[in-house]
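Input: a single structure, listed below in structure tokens.
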Amino acid sequence: MNNPNLSVMIGDVKLNNPVITASGTFGFGREYGQYIDLNQLGGIAVKGLTLLPRDGNKAPRIAETPSGILNSVGLENPGVEAFIKNEIPFLTQYDSKIIANIAGSTVDDYLKMVEILNNTEVDLFEINLSCPNVREGCLAFGSSKDGVYKVTKAIKKIAKKPIIIKLTPNVNDITTIALGAQEGGADAISLINTITGMKIDTKTKRPILHNNTGGLSGPCIRPIAIRMVHQVYQSVDIPIIGMGGITNLEDALEFFIAGASAIMIGTYHFMDPYVCEKVIIDLEQYLVDNNISDIKQLTGSIILHE
Amino acid sequence: MRHELSTIVNIIKINDFNVRLVLQNSDIASKATPGQFVNVRCCDSNELILRRPISILKTHGEFYDIIYKIVGEGTKRLSKFSIGEKLDVMGPLGKGFTKESTDKKIAFIGGGIGLFPLVNAVLEFKNCESDFFVGFKSKKEMMLIDEIKKTGANVYISTDDGSVDYHGFVTDLFIKNIKNYDKVYICGPLLMEQSCVDILRKYNINGQVSLEQRMGCGIGACLVCACETVHGIKHVCKDGPVFNIKDVFLKEQLDE
């Protein structure tokens, strides 16, 4: 059998394989680039960008929880201009697609960033409508179908690259929200962002995180993510990029079977810097072993109980 | 580039809480500088999703030593490993202590387990007149004194309960014996570090301080271990853990 096809299309952009690093866990690629060959990745979703530089929240910004972590970084980033100047030249050295994750407080913020990034070598936009750690905007848009629809539509009108709408799981009905993205013209949906949580130090009675609450990620959220990918797959036609606690091939397969066309791996990098590399190799071997010629055949192959 | 696993060649129980591991990994041992740390995977299961950052105590040939205190689930799991087993350790990480060739008279101030990263510094910073100040809660928590004395450093010990030598804080012991040091190296609880920094600033002495903050990736990618500096937000794992005392705002961290 020939090598199976691992490539996937997001809009008109072809990713060499469906494994992408999740925004916020991988910086701009430099640090993990010392451990893995960044050329191997399907894409790199960079640290969430804002129009102006942000200092983020006060530390502590992380707390370990059973099979997961809470974080409250609060979108610390150098701003979109510094990203273009300092990071894009580094990232363009590699074959993996550059996914600019952008977050705004207003619709205007998103539009300004898209305009600025339109004429750069960024390949895709990931529109962050789901950061739980900043006070204004962002999550507010992502919490209603109408909000998601409006932001998506406004961005789609001017974006010269395909747009991925990143959804929050902190909503009542994820399928309605996902439809908002599709109707607004999104090229893909990525989910799930983190789930809002809290951890308390019982000695001091204070939350560990200085921000009090934070976003939960890691293997503990995977069943929720799988359920949401499954639900969204049934309601939209655009590709889904699934994420939430992926640590190995088995976890990745679950997402594809549930309905994902591609996956993102985030938190587990902290434990295993080579996790993406391993999943890509294992995924290809899995397709070969199971006589599957194209990764697409896995997407949504779930067999539900009657 | 894959990092090689580290082999446990010896496990030494120091007291009820502290365990010393002698690990074999020529890459880490040859690259590590004083004040750097390693990030240790404590178990194979994914119940614990973070590695544990632990400072490097010393290096010798292809070996390096670390000491960890059994405080939580991660270090409890780490204590289950036996001699001969391999540990997944990333490192050496971060920026450590530095010494100029013109620094001839130096001092170290360590509080409790904060003395660990200072041990490698006093071992490596040779041809100096070194004073080593270290504070413990009580005699039963005292450790590593003989090893430090072997370097030729003058060792000053304080205990909170007066069970050994000076009865009181290590910062007070330091003030009593302060000299015109070229550089002072600090590591301990935040409150102690702040007092030391205040003293050094008052006497106009240069210093470096090793900070602690809850970490994620350990290599500067996830940005969780933020600290405020005169140069803006920095990250303890990559820009530190050692900072120039002129650059950091410890008070802001204390004010929580």
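May I ask for the net charge around B:Ser138, where only other residues with Cβ less than 11 Å from the Cβ of B:Ser138 are counted and Lys, Arg are +1 while Asp, Glu are -1? The partial results should precede the final answer.
On the way: positive: B:Lys137, B:Lys139, B:Lys140; negative: B:Glu141, B:Asp160, B:Asp161.
Around B:Ser138, the charge tally is 0.
Within 10 Å, count the other beta carbons around each residue, average over each peptide in B:53-59, A:236-242, A:248-254, and list them highest first.
Result, highest mean Cβ count within 10 Å first: B:53-59, A:236-242, A:248-254.
Assign unit charges at the C-beta atoms only (+1 for Lys and Arg, -1 for Asp and Glu), then state the dipole size of region B:105-254 relative to its Cα centre in Debye, rounded to the nearest 20. Could the numbers behind the result be given before it?
Values: 17 positive and 18 negative charges, 38 e Å.
That gives a dipole near 180 debye.
For n ≥ 4 DSSP H runs only, could you compute -39500 (n - 2.57) per run for the protein assembly as shown, divide by its residues and tell me the 222 nm figure to the nearest 500?
Details: 15 runs with 135 residues, N = 562.
Rounded to the nearest 500, it is -7000 deg cm²/dmol.
Could you size up the charge dipole of chain B around its Cα centre, putting +1 on the beta carbon of Lys and Arg and -1 on that of Asp and Glu, and report it in debye to the nearest 20?
Details: 33 positive and 32 negative charges, 64 e Å.
With only Lys, Arg, Asp and Glu charged at Cβ, the dipole is about 300 debye.
Could you rank the peptides A:25-35, B:78-88, A:120-130 by their average count of other C-beta atoms within 10 Å per residue, with the highest value first?
On the way: A:25-35: 20.5, B:78-88: 13.2, A:120-130: 24.1.
Ranked from most to least packed, the peptides come out as A:120-130, A:25-35, B:78-88.
What residue among B:Thr102, B:Met215, B:Asn180 has its Cα farthest toward the positive end of the dipole of chain B, where the charges are +1 on Lys, Arg and -1 on Asp, Glu, each on the Cβ?
B:Thr102
Per-residue Cβ counts within 10 Å, from other chains only, averaged over B:224-232: what number is that? All intermediate terms of the calculation are to be shown ahead of the outcome.
On the way: counts 16, 4, 11, 2, 3, 0, 0, 0, 3.
Partner-chain Cβ atoms within 10 Å, mean over residues of B:224-232: 4.
Using a Gaussian network model on chain B with a 10 Å cutoff between Cα atoms, which of B:Tyr203, B:Tyr64, B:Tyr185 fluctuates the most?
Between B:Tyr203, B:Tyr64, B:Tyr185, it is B:Tyr203 that shows the largest mean-square fluctuation.
Apply the Karplus curve 6.51 cos²θ - 1.76 cosθ + 1.60, θ = phi - 60°, to the phi angles in region B:72-88 and return the couplings in whole Hz, x for Gly and Pro.
Values per residue, Gly and Pro as x: x, 4, x, 6, 5, 5, 4, 6, 7, 6, 10, 4, x, 6, 9, 10, 8 Hz.
Among bridges DSSP assigns within the protein assembly as shown, what percent are antiparallel (round to 5)?
Numbers: 50 of 101 bridges.
Looking only at bridges with both residues in the protein assembly as shown, the antiparallel portion is about 50 percent.
So how strong a dipole does region A:101-259 carry about its Cα centre when Lys and Arg Cβ are +1 and Asp and Glu Cβ are -1, to the nearest 20 debye? Don't skip to the end; give the middle numbers.
Working: 16 positive and 16 negative charges, 111 e Å.
It comes to approximately 540 debye.
Starting from the Cα of A:Ile303, step 7 Å toward the Cβ, then list every residue of region A:226-242 with an amide N under 13 Å from that point.
Once the point is set 7 Å along Cα→Cβ of A:Ile303, nothing inside region A:226-242 turns out to lie under 13 Å by backbone N.
Give me the aspartates and glutamates in straight-line cross-link reach of A:Lys156: C-alpha distance below 19 Å, same-chain residues under 8 apart excluded.
A:Asp12, A:Asp108, A:Asp109, A:Glu115, A:Glu121, A:Asp123, A:Glu126, A:Asp146, A:Glu183, A:Asp187, A:Asp237
Quick one: net charge around B:Tyr156, please, counting Lys, Arg +1 and Asp, Glu -1 for every other residue with C-beta under 9 Å from its C-beta.
Working: positive: B:Lys176; negative: B:Asp131, B:Asp165.
Surrounding charge for B:Tyr156 is -1.
Across region B:6-93, how many lysine pairs, 8 or more positions apart or on different chains, have C-alpha atoms separated by under 16 Å? Please give the number. Each step should come with its number before you reach the end.
Values: B:Lys13/B:Lys69; B:Lys13/B:Lys76; B:Lys13/B:Lys80; B:Lys31/B:Lys58; B:Lys69/B:Lys80.
Total qualifying Lys-Lys pairs in region B:6-93 comes to 5.
What are the equivalent ellipsoid semi-axes of chain A, built from the alpha-carbon gyration tensor (square roots of five times its eigenvalues), in whole angstrom, biggest first?
Numbers: eigenvalues 140, 102, 85 Å².
Equivalent ellipsoid semi-axes, largest first: 26, 23, 21 Å.
Between A:Asn291 and B:Ser30, what FRET efficiency comes out of the Förster formula 1/(1 + (r/R0)^6) with R0 = 56 Å and r the beta carbon distance, rounded to 0.05?
Rounded to the nearest 0.05, the efficiency is 0.75.
Averaging over all projection directions, find the projected area of the Cα convex hull of chain B and quote it in nm² with one decimal place. Write down the numbers at each step before the final one.
Numbers: hull surface 55.5 nm².
Across all orientations, chain B yields a mean hull projection of 13.9 nm².
Quick one: the Cα spread of region A:75-131 along its three principal axes, in angstroms, biggest first?
Here the spans come out as 33, 22, 18 Å, largest first.
Across bins of 20 angstrom width beginning at 0, how are the C-alpha pair distances of the protein assembly as shown distributed, in whole percent?
21, 50, 25, 5, 0
Could you state the orientation-averaged shadow area of the convex hull built on the Cα atoms of region A:1-157, in nm² to one decimal?
Values: hull surface 46.1 nm².
In nm², the orientation-averaged hull projection of region A:1-157 is 11.5.
Taking R0 as 41 Å, what's the FRET efficiency between B:Asp88 and A:Thr92 from their Cβ-Cβ distance, rounded to 0.05? Present the calculation step by step, with values, prior to reporting the outcome.
Details: r = 32 Å, r/R0 = 0.79.
Here the calculated transfer efficiency is 0.80.
Shape verdict for region A:206-306, please, from the Cα gyration tensor: rounded (a/c under 1.5), prolate (a/b greater than b/c) or oblate. Don't skip to the end; give the middle numbers.
Working: a/c = 2.65, a/b = 1.44, b/c = 1.84.
Here region A:206-306 falls in the oblate category.
Quick one: compute the contact order of region B:6-93, relative version, from alpha carbon pairs under 8 angstrom and 6+ residues apart, as a percent.
Details: 183 pairs, mean separation 34.6, N = 88.
Contact order relative to length: 39 percent.
What aspartates and glutamates could a cross-link reach from B:Lys137, if we take a straight Cα to Cα line under 13 Å and drop same-chain neighbours fewer than 8 places away?
Hits, sequence-local ones excluded: B:Asp160, B:Asp161, B:Asp165.
Less than 26 Å apart at the alpha-carbon level, and either on another chain or at least 8 residues along: which lysines does that give for A:Lys157?
Partners within reach: A:Lys14, A:Lys47, A:Lys85, A:Lys97, A:Lys112, A:Lys145, A:Lys166.
Spin-label point model (7 Å from Cα, Cβ direction): what's the A:Asp108 to A:Glu183 distance in nm?
A separation of 2.7 nm, rounded to one decimal place.
Pairwise over distinct Cα atoms, reciprocal of the mean inverse distance: report the Kirkwood radius of region B:6-93 in Å, one decimal place.
Details: mean 1/r = 0.0778 Å⁻¹.
Evaluated on region B:6-93, it is 12.9 Å.
Would you compute, for the Cα atoms of region B:105-254, the largest minus smallest coordinate along each principal axis and list the three values in descending order, in whole Å?
42, 32, 29
Determine the sum of side-chain charges near A:Pro66: Lys and Arg each +1, Asp and Glu each -1, restricted to other residues whose C-beta is under 11 angstrom from that of A:Pro66.
Net of charged neighbours comes to -2.
Just so you know, all these numbers are worked out from the coordinates, no wet-lab data involved. Worth saying up front: this structure is predicted, and the values here are computed from it rather than measured. Methodologically, a virtual Cβ is constructed for each residue, glycine included, from the backbone with ideal geometry; neighbour enumeration extends over all protein chains shown.
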